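The values are calculated or read from the model by the stated rules, or taken from the named source; none is laboratory data. Remember, predicted model here, so these are calculated numbers, not experimental data. Heads up, the Cβs are rebuilt from the backbone with ideal geometry, glycines too, and the neighbour counts pull from every protein chain shown. What goes into the accessible areas is simple: the full protein's heavy atoms, side chains included, and nothing from ligands, DNA or RNA. Shrake-Rupley method; radii C 1.70, N 1.55, O 1.52, S 1.80 Å.
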Amino acid sequence: MTLTREEIILYLQDEAGQKNLLNRANQVRKKHLGNEVHLRGLIEFSNICRNNCLYCGIRKDNPALHRYRMSSEELVDTARKAAEMGFKTIVMQSGEDMWFDQKIMCDIIEQIKKFEVAVTLSIGERSFADYKAFREAGADRYLMRIETTDKELYHQLDPQMSWQHRYECLLMIKELGYELGSGIMVGLPGQTIESIADDLLFLDNLGIDMAGIGPFIPHPQTPLKNEAGGTLDLALRTMATMRLLMPDINIPATTAMESLHPQGRIMALQSGANVVMPNVTEGEYRKLYELYPGKICVDDTPLHCKSCIGMKILAIGRKIGEGYGGHNGKLPQTKK
Ligand code: SAH
């Protein structure tokens, strides 16, 4: 649906009208997408990163963090177990760890595709040649948040990075026929309601297939440790407004929302979201992939996480999606 910038700003600001907005987004989700909640198995396979984003716990200049990198075998094995558990999509996320070069990554993708799952990558900025090779190896979807469309803020928070370059990466990914996921954090220091409204319009314009929206949570070992961070309420209002703007895209109930409130993901599922990404990373790695503090379920096992969220989903009268859960119900075809 079309919303003007002014209307979006009103929705984002209106604390008194929040309940109505969230209910409305829930209705829109139900009308366009029904009651299915799609589960994606998330593997956090390396916390090594070449970037230095001020908000992020795995930034290069956090010396206190113990770094890990799964071997290709470990990564494929984790994906195999997730597929055996019933996950129809495997999401592979990491810092920008260039050890995973084009060849290694393609090899991993090809092996995981044999498990008959959709493959999503969330590994940041790469070359066009890399994105093309990953797509040809079988990757179906790509997630990369633009984080904010306030360019000045972006360049303050992501030193050495270029907003324009990140945007061009999103265009390349789209051109290559991936399903494209992007999104933002809300509550960044210096971010305004107006700029969040611009973010939503940007995502709509870009024609994304999925929108990940989460609160910024300050990490104690980063330069932003003393900042206030985002609230669950503003994150929910932003997500619900996104749902009104783009009625049929996939919207995950983000883990960061649950980190702020024990029922955060369920609240999100009742305010426009239709996807959950349970963590299927094993053992110590879960704790070490610490983008922000208070991350949920760090001591749990993949099976526990799947059944725990599965039961919560059923308890609110929703059902677990059975297909691949692509935007419009389709898995994108690989372009050769
Ligand atoms: N290297 C990949 C994955 C980044 S981590 C990439 O560049 O896309 C995934 C997301 O976590 C980021 O895009 C950011 O939106 C979010 N994130 C990072 N630090 C955070 C924090 N302190 N609070 C909340 N979300 C955070």
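Which of the residues that make up the range 134-167 are in a helix (DSSP H, G or I) and either buried (at least 18 other Cβ atoms within 10 Å of the Cβ) or within 14 Å of the ligand (Cβ to nearest atom) (or both)? Selection gives 134, 135, 137, 153, 154, 157, 163, 165, 166, 167.
All conditions in (1) more than 20 Å from the chain's Cα centre (by Cα); (2) in contact (Cβ under 8 Å) with a residue 24 or more places away in the chain; (3) open to solvent by less than 50 Å² (accessible area, probe 1.4 Å) hold for residue 34, with the sole exception of (2).
Here 22, 12, 42, 3 are screened, and the one residue that is modelled with pLDDT of 95 or more, within 16 Å of the ligand (Cβ to nearest atom) and touching a Ser or Thr at 6+ places or on another chain (Cβ under 9 Å) is 42.
Kindly indicate whether residue 170 is closer than 23 Å to residue 41 by Cα, in a helix (DSSP H, G or I), within 11 Å of the ligand (Cβ to nearest atom) and modelled with pLDDT of 95 or more. Taking the combined requirement at face value, the residue satisfies it.
When 295, 287 are checked against the criterion of being without any contact (Cβ under 8 Å) to a residue 40 or more places away in the chain and charged (D, E, K, R), a single residue qualifies: 287. For the range 215-224, a residue qualifies if it is within 10 Å of the ligand (Cβ to nearest atom) and either more than 17 Å from residue 193 (Cα to Cα) or open to solvent by 80 Å² or more (accessible area, probe 1.4 Å) (or both), and the qualifying residues are 217, 218, 219, 222, 224. I'd like the residue in the range 225-251 that is within 15 Å of the ligand (Cβ to nearest atom) and of a type outside the set (A, V, I, L, M) and, out of all such residues, is surrounded by the fewest Cβ atoms within 10 Å (Cβ to Cβ). Step by step, filter the range 225-251, then rank; the result is 226. Restricting the first member to the range 49-71 and to residues that are open to solvent by 40 Å² or more (accessible area, probe 1.4 Å), and the second to residues that are part of a loop (DSSP other than H, G, I, E, B), the beta-carbon pairs closer than 6 Å and six or more apart or on different chains are 50/96; 60/49; 60/52; 61/52; 64/221; 67/47; 67/48; 69/48.
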